[in-house]
1. Tell me which residues, restricted to the stretch 45-61, are more than 15 Å from A24 (Cα to Cα) and touching a residue at least 24 places away in the same chain (Cβ under 8 Å).
2. In the stretch 35-45, is there at least one residue being touching a Pro at 6+ places or on another chain (Cβ under 9 Å) and more than 26 Å from D67 (Cβ to Cβ)?
3. Can you pull out the helices (runs of 4 or more DSSP H) entirely within the chain that have at least 1 residues that are in contact with a Ser or Thr (Cβ under 9 Å, 6 or more places away or on another chain) and surrounded by 17 or more Cβ atoms within 10 Å (Cβ to Cβ)?
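Bear in mind that the values in this text are calculations on the coordinates, not laboratory data. No experiment lies behind these values; they were computed from the predicted model shown. So basically every Cβ, Gly included, is an ideal-geometry build from the backbone, and we count neighbours across all protein chains shown.
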Amino acid sequence: MSNPYGRRIIEARKKLGIGQRKAAKLWGFDDSTIQAWEHERRQPQGLYREKLEEVLRRVEDNQARSDSRS
């Protein structure tokens, strides 16, 4: 099964202009966890998945609002 989060995490980081380590610190995850998700070695589970979904939604919503103002 493909990990739908890897690409979304990378895109969110790019939108924010930050690296894995900075994203991990801002979002409250270990940088090795972010790296594993991005490279599809692991998938977020349980509370990690819920937290990641919330973070990604916020980034994507902020980007959509920013795009609509342009």
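1. Within the stretch 45-61, E60 is the sole residue that qualifies.
2. Initial filter on the stretch 35-45 (touching a Pro at 6+ places or on another chain (Cβ under 9 Å)): 37, 43.
Now narrow it down to the ones that are more than 26 Å from D67 (Cβ to Cβ): 43.
Yes: the stretch 35-45 contains one or more residues that are touching a Pro at 6+ places or on another chain (Cβ under 9 Å) and more than 26 Å from D67 (Cβ to Cβ).
3. Details: elements: 5-16, 20-27, 31-38, 46-69.
By residue number, 20-27.
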